[in-house]
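The values are calculated or read from the model by the stated rules, or taken from the named source; none is laboratory data. Quantities reported herein were computed from a predicted structural model and do not represent experimental measurements. Cβ placement follows ideal geometry from the backbone for every residue including glycine, while neighbour counts extend to all protein chains displayed. Just so you know, the surface numbers come from the protein's heavy atoms only, side chains and all, with ligands and any DNA or RNA stripped out. Shrake-Rupley method; radii C 1.70, N 1.55, O 1.52, S 1.80 Å.
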Amino acid sequence: MVQTADAVVVGGGVIGASTAFHLASLGLKRVVVCERRWPAAGASGKSGALVRMHYTNEPEARLARASLPYFHDWDERVGAGACGFLQTGMVRIVSPENVANLRANVEMLERVGVDTQIVGPRELRELAPDWRVDDVTAAAYEPTSGCADPVGTTYGFLTRAEQLGAELRPRTEVTAIRMDGARVGGVETATGAISAPIVVVAGGAWGIPLLRSVGVDVDLQPVRIQVSLFRRPSALAPIHPICIDGINDMWLRPEGPNWASTLVGFSQREPLADPDTLDEGVDADYVPQARERLARRIPGTADAPMRGGWAGAITATVDGKPVLDQHPEAAGLFFFVGDNGSSFKTAPAIGRALAEWAIQGQPEVVDTRPFRASRFAEGDLLIGPHEYNDRDYDAGRARKLMVG
Ligand SMILES: Cc1cc2nc3c(=O)[nH]c(=O)nc-3n(C[C@H](O)[C@H](O)[C@H](O)COP(=O)(O)OP(=O)(O)OC[C@H]3O[C@@H](n4cnc5c(N)ncnc54)[C@H](O)[C@@H]3O)c2cc1C
């Protein structure tokens, strides 16, 4: 027997969870979330969950700006579970050659409504007394940014969606998308078909075959990325801001009990032929490299004990920016893919945009056109005018990660 729903969401990561929450909040009664494994089984469960607004392109900055209030006011806006947001402030360090770009980006971000400012080594020393700052000419600082619990955020969105009537189906793989003339008609799963006028695919690296099956032919590359966790010596300050350090090509956040550890990620992206073969553990040789980089910024961590590490799969695109779109030939079919390792913080606004588009006919929270899938064929890539090219989602580096 074919079951029916008002909407099916494919994927129980943070994007699918946020979308389900927003669909249910906007009044859809029967939202079914199909997840082939379990909530946060993919990139979301492995995320560093840095929550900042510093982007070098305005459309993503707008997504991040619209998402921040969810982390600050989780109880009022979502009302279930906990996103675990910690307001540490955010420091974006760039190399001296990128200082002019930094200034231009901070101006753009201020225009977007981001609370940000340029700081020099003196202010930085006050913000982070244990950091080495003599290599820094200027950095951007965001006092209202911080970091969150990515699994708690995903569970919270899903729990509230369920309270509003949605149904989560773990271990339920969507094997095909059904069409109904020029509209989407629903999905096929191993446990039967679900008929629905709205389908949102948010399957991350694992969802690529499903998108290919409906003709989404954007270049998408699953990539393995790693992180490692170190306990800071107790002589160091009890906490520090989150940081994207373009000089040392890494990011940092406080983590663990009492925030006494630091989670470190540096660029070392490995293309994955099949995300199901992902090794979720951290490589032995990643750990000393992560510690060495961490110690370049926080010298007191040179002998910090390693407390763990892991790896996750993200999806790269040629311009390093995500794809958020409606299928051009299947009304009611929407998708998000190509997170480029940077779509946790923007998940609240992405899910809201998808839900508004599906229910009201257009997204209101942000203009999603810069994220359209056709931009690649049109040669109109989403590239900020002042990218630093010190992170893998900057277009100059993103292209090199694509295989074939
Ligand atoms: C190590 C690491 C660090 C990161 N750090 C940050 C950070 O600091 N800040 C930030 O903003 N972002 C960060 N990210 C990126 C962020 O985590 C991702 O962009 C985000 O989690 C993507 O969420 P998603 O829901 O699109 O994908 P996923 O979390 O991968 O969820 C997709 C889900 O869909 C399911 N699925 C796929 N196909 C099907 C199907 N056919 N049927 C049913 N279910 C299906 C999968 O099982 C999976 O659970 C990081 C990522 C990693 C791995």
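A cut-off under 12 angstrom between Cβ atoms defines the neighbours of A161, and their net charge, with Lys, Arg +1 and Asp, Glu -1, is +1. Each part reduced to its alpha carbon centroid, segment 265-327 and segment 11-78 end up 21 Å apart. Rounded to the nearest 500, the 222 nm mean residue ellipticity of the chain from helices alone is -8000 deg cm²/dmol, with -39,500 (n - 2.57) taken per DSSP H run of at least 4 residues. Placing R0 at 56 angstrom, the Cβ-Cβ distance between R399 and D180 gives a FRET efficiency of 0.90 after rounding to 0.05. Of the accessible area of segment 128-203, computed with a 1.4 Å probe over protein heavy atoms only, carbon and sulfur atoms account for 48 percent.
Residues with beta-carbon under 10 Å from that of L50, excluding L50: net charge, scoring Lys, Arg +1 and Asp, Glu -1? Neighbourhood net charge equals +3. Once the Cα-Cα distance is subtracted from the 0.36 nm per residue extended length, the V2 to D274 segment shows a gain of 94.8 nm.
Peptides 273-284, 32-43, ordered by how many other C-beta atoms sit within 10 Å of their residues on average, highest first, read 32-43, 273-284. Note down the relative contact order for the chain as a percent, whole number, built from C-alpha pairs under 8 angstrom at least six residues apart. Contact order relative to length: 24 percent.
The lysines whose alpha-carbon is closer than 27 Å to the alpha-carbon of K46, local same-chain residues fewer than 8 away aside, are K321, K345, K400. Take each peptide in 20-30, 368-378, count the other Cβ atoms within 10 Å of every residue, and average; sorted highest first, the result is 20-30, 368-378. A straight chain from R307 to N389 at 0.36 nm per residue would run longer than the Cα-Cα distance by 26.5 nm.
For segment 1-79, the carbon plus sulfur part of the accessible surface works out to 50%, probe radius 1.4 Å.
Rolling a 1.4 angstrom probe over segment 339-398 with all protein chains present gives an accessible area of which 45% lies on carbon and sulfur atoms. Per residue, the chain exposes 38 Å² of solvent-accessible protein surface, assessed with a 1.4 angstrom probe and all protein chains in place.
Remark on E270: its backbone amide H falls under 5 Å from those of R224, a criterion applied only to residues 5 or more positions apart or on other chains, H modelled at 1.01 Å from N. Can you give the local net charge around P275? Use residues other than it whose beta-carbon is closer than 13 angstrom to its beta-carbon, Lys and Arg +1, Asp and Glu -1. So the surrounding residues net to -2. Remark: the chain is approximated by an ellipsoid whose semi-axes, taken from the C-alpha gyration tensor as √(5λ), come to 35, 21, 20 Å, largest first.
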